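This report concerns only the one structure given below.
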Amino acid sequence: MAVIAAAAKRQLGGAWTGLSRAGRGSDIVGKVFEPGEVTYHRRHMCERSHATGSPNRKMDHHMHPHRSSLARRWAVRASALVTAAVACLATWAGPASAHGSIVDPANRNYSCYVRWGSDFQNPAMAQQDPMCWQAWQDNPLAMWNYMSLYRNGLGGNFQAGIPDGQLCSGGRADNGSYKSMDTVGNWKATDIGNSFTVNLRDLANHGADYLLVYITRPGFDPTTQAIKWSDLQLLTKTGRFSPGQNYTVNLNTSGRTGRAVVYTIWQASHMDQAFFFCSDVNFVR
Ligand SMILES: [Cu+2]
């Protein structure tokens, strides 16, 4: 119970943070959900209410028309938040069943989620991992929904739909929820060799029509430059992957050293839904 209480307190903290960010990312109705993703719905709404404080706004509008004293309003808000947090914890106990991400070399928001998801309010992040810090400050949903960085209906015309400088957010997918992924700077990178493997975890058994895997050209410095399409070299376009949980792609480069970004596009098979992943890497062997 102590664990649950502590976790609830963390979630509560997240919700309070969200109070000052009213209006962000709460477009639940604007998202296209798919049949059979019931867990996803619940999880999604739950996560959004944590991070945006939407329950509070709802209460303001519908439960307190008479504007009772400030203290009373805050007390009610707090108890509602604890209730919501505990309910969401119960939901979180189930397996995730939505979309997917590149787990190795980890894409930017998944990487931040793994390192800081259980400690996202730790101010030490600002110094220890400043790119993740700016991402959490911009919008925690980018991490909680790390598996949902997708665009529907692009028809494979990725360069037309995604402007230069916005590749890592999928062209400001989900109304810009992931725009912090485009921030230029010293993201934590995964050490790799010139022979490496990209590992996609498909949490929804979507399958893949294909994966496109690019790498930034030699000489491109992702710590100081925004990524343009012309900075990318195509390493491979795969064939289909039948629905499963893990798809791996073996890749070979030669003579690469230092920093680069692996850019992966996952064209899922259940509908015209494409995912975009920037994975920061450091060639060390
Ligand atoms: Cu999906």
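Read-outs throughout are calculated quantities, based only on the coordinates presented, and are distinct from any laboratory measurement. From a predicted model like this one, the values you see are computed outputs, not experimental measurements. Cβ: placed from backbone, ideal geometry, glycine included. Neighbour counts: every protein chain shown.
Need one word for the range 129-258: rounded, prolate or oblate. Basis is the Cα gyration tensor (sqrt eigenvalues a ≥ b ≥ c); a/c below 1.5 gives rounded, then a/b vs b/c decides. Rounded, because the longest to shortest axis ratio a/c is under 1.5.
Going by how many other Cβ atoms sit within 10 Å of their own, how do Phe120, Phe275, Phe158 line up, fewest first?
Numbers: Phe120 23, Phe275 26, Phe158 18.
Fewest-to-most ranking of Phe120, Phe275, Phe158: Phe158, Phe120, Phe275.
3J(HN,Hα) along the range 248-263, derived from phi through the Karplus expression 6.51 cos²θ - 1.76 cosθ + 1.60 where θ = phi - 60°, amounts to 10, 10, 8, 10, 9, 10, 9, x, 7, 9, x, 7, 7, 10, 8, 10 Hz, with x in place of Gly and Pro. Residues Lys237, Lys179, Lys188 in ascending order of nearby Cβ atoms (within 10 Å, fewest first): Lys237, Lys188, Lys179.
Going from the residue with the fewest nearby Cβ atoms within 10 Å to the one with the most, Ser177, Ser254 rank Ser254, Ser177.
Simple point charges give the picture: +1 on the Cβ of Lys and Arg, -1 on the Cβ of Asp and Glu, and for the range 100-283 a dipole about the Cα centre of about 240 debye. Here's how it looks for Asp202: its modeled amide H is under 5 Å from those of Asn246, Tyr247, which are all 5 or more places away or on a different chain.
When the Cα positions of Asn252, Ser180, Thr236 are compared along the charge dipole of the range 134-285, Asn252 comes out farthest toward the positive end, with charges on each C-beta of Lys, Arg, Asp and Glu.
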